[in-house]
Amino acid sequence: MKINADFTKRVAVHFDQTDWVASPAAGVERKMLDRIGGEVARATTIVRFAPGSAFAPHTHDGGEEYLVLDGVFQDETGDFPAGSYVRNPPTSSHTPSAREGATILVKLHQFDPADRTELRRSINGKGNAQLFKDAHEEVRVFNLTAGETLELDATEGLELFVIEGSLQESGEEFTNWDWLRLPPGTRSTATAGTSGARVWTKTGHLAQMV
């Protein structure tokens, strides 16, 4: 399966304009943002867990990174409420579930194979913050006031996800849970809407894909 697999192109996916697709696990649905592969894939996905749903135990050969958007996500290591940012490196394993339901943004099979760094952070109550950085990539969260601009340096590619609020980029409006991917070698500017915007970004990780 290939979804938005041409990393030389700008891609925008609007949450309200895409459908939920059932996963192999009962009660778990997905909106696929990009994907290369079958059920085990290099993938960026919004995943919704119905109350009481779970995935079978599994190992992340290529690592897993997620941001909890709504509800409380769980595994053997604890409970992760909305605003939790988690990195489970290659070779890690867990049994994810959501007793009361949860929605997450998750990226799979996109780690440096040598990465063994586990990370659990909360973005709640924080301003602009660097969530993670290594030689391969940088992950940040920005809180923009109304009309504030954010320079998007996609020299090595960039992804932007609107957690809340709204912004405009290249004349296109992005609101809650919308996603934008800019190809390596480009630059752009995003401007927050009248209510401001809270956004998650990742840079430096797409150059090897083109």
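The table below gives the values:
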read-out: Principal axis dimensions, segment 10-77 - Cα atoms, whole angstrom, descending; value: 37, 27, 21
read-out: Spatial separation of Cα centroids for segment 100-140 and segment 2-46, in angstrom; value: 19
read-out: Difference of contour (0.36 nm per residue) and Cα-Cα distance, Glu76 to Gln17; value: 17.8 nm
read-out: Efficiency of FRET between Thr175 and Glu39 - r from beta-carbon atoms, R0 22 angstrom, step 0.05; value: 0.15
read-out: The chain, accessible surface, carbon-and-sulfur percent (1.4 angstrom probe); value: 49
read-out: Residue-normalised accessible area of segment 43-88, given per residue in Å² at a 1.4 Å probe; value: 34
read-out: Relative packing of 150-159, 122-131, 97-106, which averages over residues the other C-beta atoms within 10 Å, highest first; value: 97-106, 150-159, 122-131
read-out: Residue-span extension gain [Ala129 to Asp6] - 0.36 nm each, minus C-alpha spacing; value: 41.3 nm
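The values are calculated or read from the model by the stated rules, or taken from the named source; none is laboratory data. Not measured: the values here are computed from a predicted model. Virtual Cβ from ideal backbone geometry, glycine too; neighbours counted across all protein chains shown. Protein only, heavy atoms only, side chains kept; ligands, DNA and RNA dropped before computing areas. Shrake-Rupley method; radii C 1.70, N 1.55, O 1.52, S 1.80 Å.
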